[in-house]
1. Give the residues of region 323-367 that are modelled with pLDDT of 90 or more and out of contact with any helix residue (DSSP H, G or I) (no Cβ under 9 Å at 6 or more places or on another chain), sorted by residue number.
2. Could we say that residue 27 is farther than 30 Å from residue 220 by Cβ, at pLDDT 90 or above, within 16 Å of the chain's Cα centre (by Cα) and not aromatic (Phe, Trp, Tyr) here?
3. Tell me the residue from 147, 136 that is among the hydroxyl-bearing types (Ser, Thr, Tyr) and within 19 Å of the chain's Cα centre (by Cα), please.
4. Among (1) open to solvent by 20 Å² or more (accessible area, probe 1.4 Å); (2) within 25 Å of residue 512 (Cα to Cα); (3) touching a residue at least 40 places away in the same chain (Cβ under 8 Å); (4) assigned to a helix (DSSP H, G or I), which single condition is residue 88 missing?
5. With respect to residue 208, is the statement that it is open to solvent by less than 60 Å² (accessible area, probe 1.4 Å) and hydroxyl-bearing (Ser, Thr, Tyr) true?
6. With (1) modelled with pLDDT of 90 or more; (2) in a helix (DSSP H, G or I); (3) among the β-branched types (Val, Ile, Thr) as the list, and residue 75 as the residue in question, which single condition is left unmet?
7. Residue 120 versus (1) open to solvent by less than 40 Å² (accessible area, probe 1.4 Å); (2) assigned to a helix (DSSP H, G or I); (3) over 17 Å from residue 248 (Cβ atoms); (4) at pLDDT 90 or above: which is the lone unmet condition?
8. When you check residue 100 against the structure, is it touching a Leu at 6+ places or on another chain (Cβ under 7 Å), closer than 30 Å to residue 366 by Cβ and of a type in the set (S, T, N, Q), yes or no?
Amino acid sequence: MEGLSWIDWGIVILSVALAVYMGFRFSHRQKDTHTYFAAGGKIPAWAVGMSIFATLISSVTFLAYPGAAYEGNWILLVQGLMVPVILVLLIRYIVPLFRSVIKLSTYEYFERRFGLFARLYSSFAFLLSHFSKSGTVFFLVSMALGTFLNIGVVEILLILGVAIILLTLLGGLEAIVWMDVIQGFLLIAGGLLCAGLLLFLPEGGPATVFSVASEYDKIGFGPYDWDFTELTFIVMVFNGIFYALQKYGTDQTIVQRYLAAKNDREAKKAAYFGVGLSVPIWALFMFMGTCLFAYYHAPGAPLLPEGIKADEVFPYFIRTQLPVGVKGLIIAALAAAAISSLDADLNCISAIVTQDYYTRFRRHTTDRQKLNFGRLVVVIAGVMVVGVALLYISWGGEGVLGALFALYAIFSAGIVGIFLLGIFSRRANKQGLYIGIAACVLFTAYAVLTSTKVDLAGDGIKRTILDLGSWNFTQHKYMLGVYSHLIVLVVGYVASLLFRTPLADKELTIYGFLEKKHHTNQQETNN
């Protein structure tokens with residue numbers, strides 16, 4: 001890349017080196033699994049909240065949101081706007097429930113509520129989805145950084161992979177959280193700098209930006225049709241509702257941070273703080289895409305290379321228009337976003353494997369054995385994530401890899417449905433849930449296989465994996481996740497009515513929390 005000064009290089013190298021340093025900085029404290037996986041339950045709320053924010057804002061968000069807003073409008077932001085709505089309604093119940101019921105793994109709750117299979121199914125689904133997600137993120141960010149730094153993608157993968165593995169292996173969740181704090185501020189600074197520059201670079205400044213955005217209808221959330229086959233506002237509303245439920249109610253990367261806070265009150269504050277930061281930053285990156293469009297479509301605007309894609313415009317702007325220092329900061333922020341999401345994934349994958357498999361089936365192991373096993377899993381998982389990213393380079397995400405990820409989708413569906421059945425229905429039982437899961441897997445298999453096109457033959461032609469003609473699943477892919485959760489919820493509840501079983505322990509549902517809260521309020525009134 002031309003124009004990358006030693007100052008820019010220094011900023012980028014420093015940001016990656018800082019991750020390795022933080023691993024060594026906190027390594028001497030990692031003497032037990034509670035510290036390694038939950039930071040000893042002593043992290044202040046604001047830091048936990050910043051870590052939640054940094055984990056949610058991935059490097060893909062950094063690049064994809066500006067590209068999406070440049071090409072269309074702000075419809076992708078609708079998903080993020082649903083998060084605070086759901087969070088306000090549920091977080092006050094979810095946090096105390098998890099902190100009282102589980103030791104480490106989110107899916108311990110599922111076993112206590114529905115039995116061992118529910119725990120294994122949900123934890124295995126988490127592992128599959130996060131391995132595929134992490135490999136995808138790693139590949140995409142390495143491609144972007146390789147373009148910026150004029151370094152091979154494989155070299156970027158190896159450098160970042162070693163840094164992320166060392167940070168996670170040595171420093172545990174405590175190092176990850178404090179590194180996320182630093183990287184979160186870096187991400188915010190990079191976004192604000194870019195947005196500020198884009199706002200004032202066009203001749204006429206903000207007035208020109210908003211004039212062009214208005215002329216081309218770039219700030220909006222439509223189309224507003226009641227249509228589930230296209231990407232519409234209503235599709236994103238439903239997708240956002242279940243995204244929020246999944247992320248804050250069943251995702252180990254978030255639930256594990258609840259456990260890192262000092263108490264229930266601090267954990268709830270952290271969740272609110274994390275979302276309070278995330279939504280404005282999601283909006284900021286959307287706004288950057290709008291400003292990019294205005295910059296390149298305003299009178300007298302510089303010309304873009306012929307054939308450039310929408311998601312390539314922001315990287316092109318970074319390469320060609322940003323001044324020395326700012327360019328390095330933005331590239332460092334991109335690397336930081338990747339590190340923040342990937343280190344969280346590695347630590348949580350290790351926590352799940354250690355707690356849901358190793359500890360669950362070897363009950364008499366010592367805490368030292370669990371800690372050593374967890375560290376081993378970090379290394380193995382890190383190498384596997386790098387391996388998935390390398391497969392992308394070899395296969396381009398098509399063919400066998402595309403079919404493999406389709407299978408991941410089939411066998412990782414309906415987790416939110418399990419969660420909602422567990423906390424809202426004492427009548428739901430494991431027999432009914434298992435029928436719901438079976439129905440969900442069958443439906444998801446049908447939908448994925450009849451809507452996914454891959455180049456299995458290697459001839460450059462993408463074909464539907466299972467073509468049933470007019471019976472193919474034709475609705476938008478975002479609706480697949482919505483339907484899978486609803487199938488588990490509805491079928492699981494109805495099927496539960498067929499089996500005469502005792503009502504679930506009230507303490508494992510929202511009703512136990514409400515009863516406790518009512519009792520506490522009565523005592524306070526009497527006093």
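1. Within region 323-367, 361, 366 qualify.
2. Details: farther than 30 Å from residue 220 by Cβ: yes; at pLDDT 90 or above: yes; within 16 Å of the chain's Cα centre (by Cα): no; not aromatic (Phe, Trp, Tyr): yes.
For residue 27, the condition - farther than 30 Å from residue 220 by Cβ, at pLDDT 90 or above, within 16 Å of the chain's Cα centre (by Cα) and not aromatic (Phe, Trp, Tyr) - is not met.
3. Numbers: 147 fails: within 19 Å of the chain's Cα centre (by Cα).
None of the others qualify; the one that does is 136.
4. (3)
5. On the way: open to solvent by less than 60 Å² (accessible area, probe 1.4 Å): yes; hydroxyl-bearing (Ser, Thr, Tyr): yes.
Against the criterion (open to solvent by less than 60 Å² (accessible area, probe 1.4 Å) and hydroxyl-bearing (Ser, Thr, Tyr)), residue 208 qualifies.
6. Condition (2) is where residue 75 drops out.
7. (1)
8. no
The values are calculated or read from the model by the stated rules, or taken from the named source; none is laboratory data. The structure presented is a predicted model; accordingly, all values stated were derived computationally and were not measured. Every residue, glycine among them, receives a Cβ derived from its backbone with ideal geometry; neighbour counts consider all protein chains shown. Accessible surface areas use protein heavy atoms only, side chains included; no ligands, DNA or RNA. Shrake-Rupley method; radii C 1.70, N 1.55, O 1.52, S 1.80 Å.
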